[in-house]
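Working notes, beginning with the structure itself.
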């Protein structure tokens, strides 16, 4: 028996030694980044051993310290705080540039063991770090929690109030409410719980707030603070925004029995609003139509939702009747403005100029200071321009004077240039076109203005001084047009910390570091480029583009030459180039036009799925893919095949070529059709005798589609500018119609 036991122990020891040897061998063969990423994704004993073996192999080096930081942070978060503490202490002693990270995770481990004072001391680097640590808010919250749990609620409350502006809600509010209760201020605690319940109704904290409020209601009795009607409406508004329609309806129903006066009227109207937002418009129309309210504000809102419901139901007479009542009873109400825009848009979609133009004019004249006034004024202006009416020029100038912040200011400048050009006023035309280029670089109308400025007569003219004087008095909004692409000290620190974290397999921490720096103190374009490069290395092409868009939202205001070419290539990449070239050639499509469409459709994310369930690079619907695959002679088709770039490009370019051929090579109409459907594009083409493609684009009544067409064409010009030299003439086809060749069939794919 004794011999068997000894033999068993011998086997166990040998097995343990083999595990250590295997872990050491794994650690020696793999990189820190791969080992750490594997452990964080799947924190098994084997993965942990491999990472610790790597740390032992690297000794007191930076790589060894980073490995210990990874293991320690995972252990601390996973309930193994005792083992985390020595690892994190050792990591802290070696990683001088990451004291906030090591300190925070060490504090978290100490907190979990009840060593509160030590934990508070370790949080100081994360709280006081310069540049500011992305962990500062978390460290402040943990400090408050420690004060609460160690019997010092007053300190917790003071800390949370002093730093309220930088703390996340509703988690900080929950701690504040708990601190107020423990310090004996139950009435104020109830008010904070009410804020959570009303302002964050779908959060996990809201459920705990409901329980706390019920407890405090019983404890406080008559001292319990009443919940204001406005707070209750805030809660309903947030519920409706979160599409919690049934919960909102039940609470509104209850509010109609407990509220009185104007608040009760509003609750009753909002019952109709909830039905409308849920697309139960027949019920909403019936309810709102029979509802009688005394409050003028509630009545104006009732009539607006009556307009909206009847519009959706196609009841034009009822829609106009409700608008007429709004005009008569509440001429200055913002709800009348909303109704004017809604009814105007109804007739705009039908190209009924005689009915929509007076509605939009009334909107602009009656509500000149409202944000929607610019939209309404432009619709009046464009109707005059497209109708070739003489007042178009004065309306375009008026639009610039009154609404220099308008989204249509660049269009106003361009079309003023076109009117001047048609009248033979080349000096004025040049001044208008130059202003489009200067004020709106990289926008669609700037590309058109640049083309006009190359025309001989415009190029030869001197810019009109009268136009320049007019433009000097137009207060265009200030915009950030240039950035320094040489990293300053803080940016260098952020970049260094990000690279260190990424090397340790902490890519999510690195992203947080750089995003935080871009929002606070560092040079956003450089941090965006760093993140974009990392995403490209991982073939996360969609993320790469989105980093530029989100962290440098005004990048298109920058003149092209003001940023390094790498910045623009990260913002406008040409991934899958060989496949794009293959299908561009097969379908006689411009390579850059195709790249521009893909960037707008999917941002080169082959796994992209839209809200409408369109899939892949060119965003093909499964039903469309099935139909096209039959035409292309596929032996089989499944929707999952649309995730494959080669298949998706085959189908998408075939469809795009088909649209171009069907629409006689009309590029702008083909793009409109790609976004909104062929029948709509054909209808819009019939609305006017367009003198140039830009007039067709500006007439498209659906904002999403109008912007889509302009953006793709703008993107194509940027792609051409970036890649034309290296692409060579052989890569660039011309967008021409060729229906005789069946849209460039590529047969028998895939097998």
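Any read-out appearing in this document is the output of simple, stated calculations on the displayed coordinates, not a laboratory observation. In this text the structure is predicted, and so the values were computed from the model without any measurement. With ideal geometry, Cβ positions are generated from the backbone for all residues, glycine too; neighbour counts draw on all protein chains shown.
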Quiz prompt | Mean separation of Cα contacts under 8 Å, 6 or more apart, over the residue count of the stretch 169-300: relative contact order % | solution = 17
Exercise. Return the FRET efficiency for the residue pair residue 678, residue 97: r is the Cβ-Cβ distance, R0 is 56 Å, and the value is rounded to the nearest 0.05.
Key: 0.45
Quiz item: residue 492 to residue 83: FRET efficiency via 1/(1 + (r/R0)^6), r the Cβ-Cβ distance, R0 41 Å, to the nearest 0.05?
Solution: 0.70
Quiz item: Relative contact order, percent, of the chain when contacts are C-alpha pairs under 8 Å separated by at least 6 residues?
Solution: 7
Quiz item: Rounded, prolate or oblate: which fits the stretch 489-571, taking a ≥ b ≥ c as square roots of the Cα gyration tensor eigenvalues, rounded meaning a/c under 1.5, else prolate when a/b beats b/c?
Solution: oblate
Practice problem: Mind running the shape call on the stretch 481-532? Use the C-alpha gyration tensor, a ≥ b ≥ c as the square roots of the eigenvalues: rounded below 1.5 for a/c, prolate if a/b tops b/c, oblate otherwise. | Solution: prolate
Quiz item: Modelled label-to-label distance, residue 549 and residue 607, 7 Å Cα→beta-carbon offset: nm?
Solution: 1.8
Quiz item: Gain in length, residue 237 to residue 407, computed as 0.36 nm per residue apart minus the alpha-carbon separation, to one decimal in nm?
Solution: 58.4 nm
Self-check item: the stretch 240-282 versus the stretch 584-599: alpha-carbon centroid distance in Å
Solution: 49
Quiz item: For the chain, what does -39500 (n - 2.57) per DSSP helix run (n ≥ 4), summed and divided by total residues, give at 222 nm, in deg cm²/dmol to the nearest 500?
Solution: -22500 deg cm²/dmol
Quiz item: Shape of the chain from its Cα gyration tensor (a ≥ b ≥ c, root eigenvalues): rounded if a/c is under 1.5, otherwise prolate when a/b > b/c, or oblate?
Solution: oblate
Practice problem: Using only alpha carbon pairs under 8 Å that are at least six residues apart, calculate the relative contact order of the stretch 489-571 and give it in whole percent. | Solution: 23
Exercise. Please identify which residues in the stretch 363-395 have an amide N closer than 14 Å to a label point set 7 Å out from the Cα of residue 351, following the Cα→Cβ vector.
Key: 383, 386-387
Quiz item: How much FRET efficiency would the formula 1/(1 + (r/R0)^6) give for residue 537 and residue 56, where r is the Cβ-Cβ distance and R0 is 30 Å, rounded to 0.05?
Solution: 0.55
Exercise. Starting with the fewest neighbours, write out 593, 367 ranked by other beta-carbon atoms found within 10 Å of each beta-carbon.
Key: 367, 593
Quiz prompt | Degrees separating the helix 245-258 axis from the principal Cα axis of the chain, which is the longest one | solution = 90
Self-check item: Computed lengthening from residue 472 to residue 113, 0.36 nm per intervening residue step minus Cα-Cα distance
Solution: 122.5 nm
Exercise. Could you please rank 483, 147, placing first whichever residue has the fewest other Cβ atoms within 10 Å of its Cβ?
Key: 483, 147
Quiz prompt | Most to least packed among 495-502, 255-262, 565-572 [average Cβ atoms within 10 Å] | solution = 495-502, 565-572, 255-262
Quiz item: If you line up the long axis of helix 229-241 against the longest principal axis of the chain, both from Cα atoms, how many degrees apart are they, to the nearest 10?
Solution: 80
Quiz prompt | Inter-centroid distance (Cα atoms) of the stretch 417-491 relative to the stretch 190-232, Å | solution = 56
Practice problem: At 7 Å along the Cα-to-beta-carbon direction for both residue 169 and residue 316, put a label point, then send me their distance in nm to one decimal. | Solution: 4.6
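Taking 0.36 nm per residue of separation and subtracting the Cα-Cα distance, what length does fully extending residue 481 through residue 702 add?
76.6 nm
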Exercise. For the chain, find the longest principal axis of its Cα atoms and tell me its angle to the long axis of helix 334-348, 0 to 90°, nearest 10.
Key: 60
Quiz prompt | Separation in nanometres of the label points that stand 7 Å from Cα toward Cβ, at residue 230 and residue 578 | solution = 6.5
Quiz prompt | Neighbour-count order for 111, 723, fewest beta carbons within 10 angstrom listed first | solution = 723, 111
